[in-house]
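Contents: one structure, followed by commentary.
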Amino acid sequence: MNKDIVSVYLKELHRTISQLRSFERTLTSPTFEAMVEKMGDSNARFLEFLMEAKDNKGIRQLIRNFQTTTLDHMGVRDLRNRAQQLGVTYYSSKTKDELVEAIKKKESLLNEQE
């Protein structure tokens, strides 16, 4: 067997394994679990479709949309607690809108690191 063919196959296998690991991290994240607990039937069916398709990007977008909705409905005290957990600086002096933006930014950075 040609070494180039084996090399191509191994690269493709490595890429597939990396994608599956990323998919696993998404599905086992606390944010995903919280979203699943609070979502309705129509969103659950859509999520099931995304999971069957192994659409990690689509699931992450659904999580971001859920987080945005959730953050907008949280009180300032809860937002400050969340900001503190994430390590947002100067969270105690921020307004509600500033907290929401800072939390979104911090969560986005953390998701990119995964």
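Read the figures in this text as sums done on the coordinates, not as results from a lab. The structure displayed is predicted, hence computed values, not measured ones. For neighbour counting, all protein chains shown are included, and Cβ atoms are generated from backbone atoms with ideal geometry for every residue, glycine included.
Could you count how many residues in region 1-49 are over 18 Å from residue 70 (Cβ atoms) and not polar (S, T, N, Q)? Write out each step before concluding.
As a first pass, look at region 1-49 and keep what is over 18 Å from residue 70 (Cβ atoms): 1-25, 27-28, 41, 45, 48-49.
Now narrow it down to the ones that are not polar (S, T, N, Q): 1, 3-6, 8-15, 17, 20-21, 23-25, 27, 41, 45, 48-49.
Adding up the residues that qualify gives 24.
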### Message
Can you report the number of residues in region 87-110 which are over 15 Å from residue 64 (Cβ atoms) and not in a loop (DSSP other than H, G, I, E, B)?
### Response
8
### Query
Which of the residues spanning region 49-84 are in a helix (DSSP H, G or I) and over 16 Å from the mean Cα position of the chain (by Cα)?
49, 52, 72, 73, 76, 77, 78, 79, 80, 81, 83, 84
### Message
Could you check region 1-39 and list, in sequence order, the residues that are within 20 Å of the chain's Cα centre (by Cα) and among the hydroxyl-bearing types (Ser, Thr, Tyr)?
### Response
16, 18, 22, 26, 28, 29, 31
### Query
Which residues, taken from region 43-63, are surrounded by fewer than 14 Cβ atoms within 10 Å (Cβ to Cβ), of a type in the set (Gly, Ala, Ser) and under 17 Å from residue 22 (Cα atoms)?
53
